[in-house]
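The values are calculated or read from the model by the stated rules, or taken from the named source; none is laboratory data. These numbers were taken from a predicted model, which means no experiment stands behind them. Note that we place each Cβ from the backbone using ideal geometry, even for glycine, and neighbour counts take in every protein chain shown.
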């Protein structure tokens, strides 16, 4: 180990409640943390060390603005600890030639798995069933309405990046048909490629949002996309809340214009729209899609690897290309919270993909309500719990799942769902040569050919409200939406309307437009499994 004098200097940038993780960092670097020097203001602390700071470690979603960067004239690299980097002023970094890295693939597998879980939960109405039993409604109303099978659903992935790709991989074994949409068609990807989200939604039963949040993807999932998805469509968002038009999403869900949603992120985390809290076809997650001990261990290696590579003039492990529109400087889209959000671009890909699979499985098998039913001792008093659907069934032909933007998370979701016999398709800006599944040119087409839409793309101006009313309408009453990207990827108001009016079967949402404020209407519906989008907070807090 290097001596204290030999250790490179690294500035820590974090919010007060986020304690320093990655213990081994102090063994390799001299860490400067302004928050540990209460006697100095952050401004004076940075000014005093300005000439010695070449590298800054941005923990969680701590906003790194141009004002802060201006205090560090010697800065050469920003090392991120999350998959998303919409909290960093990328335009300023690009202007000054500052290098930027993210978490790489550290969270990809866990993220993809989480996406699957959200989708399952929505389809099988796991959370809604849990509430149904917890409220003692079973004895009064009898058997609980059946959920929907996972196999054969058409899933459209919004953003075929690391997470989107992982999500897609997990969905393939489930028998879902996958399509995707992305900035451009992915070479080697066989999934159907959709030039826009609307077309993808039209051919999908489920939209998975896992793309990055940029000016283009902001509110990519809007009312038009939700309409295309249809009343039975499902949206999963594990990207960023602003990827979906949260108000429209709430509207669609409340009005029954969407089948369901799975949200792990929201536009104003940790505030979730109150209306969503009353819908049963929405699954809310506290932004925990990529949180596991293993993912944080992997993150530590990526962070240390990037820092060591920089100081030794070697290639970075997970460099970020600053050649696209970003949300830099748009503080209304990047809000600081007192919680950490260590989501890695590649890292939370797998975790988010799994979340989509988990939500889907949970919804189809109604795991959550059944668990509460037994724990409450109602089984012995009331009898058998209403049957759900098998995750896969050859006689039924499999459920069709459409993945919106086949990114890393989307790819992980595909792999996990494939084992359950789903028929998968995807949507992306261009078809991925290496992906064998059908690729839809747009989200609308994806929704049309899908029973479920899984949304796991990044939030940009193009993806903002990508799941709109048109997409939801195309998805149909039997369709479901799983969202593990960001809340703004879906037009929340429209989604609420679709759900309330039973124009869509259900939704699996791990993200919302105004996290943690969830629309109240969805909480009254049984076909929604909602999660509070806080997946990366535990390990980053003391």
Original post:
If you go through segment 481-490 one residue at a time, do you hit one that is surrounded by fewer than 24 Cβ atoms within 10 Å (Cβ to Cβ) and either assigned by TED's automatic domain parsing to the domain that holds residue 212 or under 24 Å from residue 108 (Cβ atoms) (or both)?
Top reply: no
**OP:** Please specify each residue of segment 224-269 satisfying the condition of being assigned to a strand (DSSP E or B) and in contact with a strand residue (DSSP E or B) (Cβ under 7 Å, 6 or more places away or on another chain).
**Re:** 234, 235, 236, 237, 241, 244, 260, 261, 262, 263, 268
Original post:
Has segment 453-476 got any residue that is in the same structural domain as residue 163 (by TED's automatic domain parsing), more than 28 Å from residue 268 (Cβ to Cβ) and modelled with pLDDT of 85 or more?
Top reply: yes
**OP:** Look through segment 505-529, keep the residues that are assigned to a loop (DSSP other than H, G, I, E, B) and over 16 Å from residue 121 (Cβ atoms), and return whichever of them is modelled with the highest pLDDT.
**Re:** 513
**OP:** Look at residue 104 and say whether it is under 14 Å from residue 454 (Cβ atoms), at pLDDT 70 or above and either assigned by TED's automatic domain parsing to the domain that holds residue 208 or buried (at least 24 other Cβ atoms within 10 Å of the Cβ) (or both).
**Re:** no
Original post:
Somewhere in segment 396-409, is a residue in a helix (DSSP H, G or I), under 22 Å from the mean Cα position of the chain (by Cα) and either at pLDDT 65 or above or not assigned by TED's automatic domain parsing to the domain that holds residue 173 (or both)?
Top reply: yes
**OP:** Report yes if residue 148 is at pLDDT below 90, within 27 Å of residue 63 (Cβ to Cβ) and surrounded by 24 or more Cβ atoms within 10 Å (Cβ to Cβ), otherwise no.
**Re:** no
Subject >> Matching residues in segment 60-91 - criterion: being in a helix (DSSP H, G or I) and touching a strand residue (DSSP E or B) at 6+ places or on another chain (Cβ under 9 Å) >> reply: 68, 69, 90
Subject >> residue 35 touching a residue at least 24 places away in the same chain (Cβ under 8 Å) and assigned by TED's automatic domain parsing to the domain that holds residue 16 >> reply: no
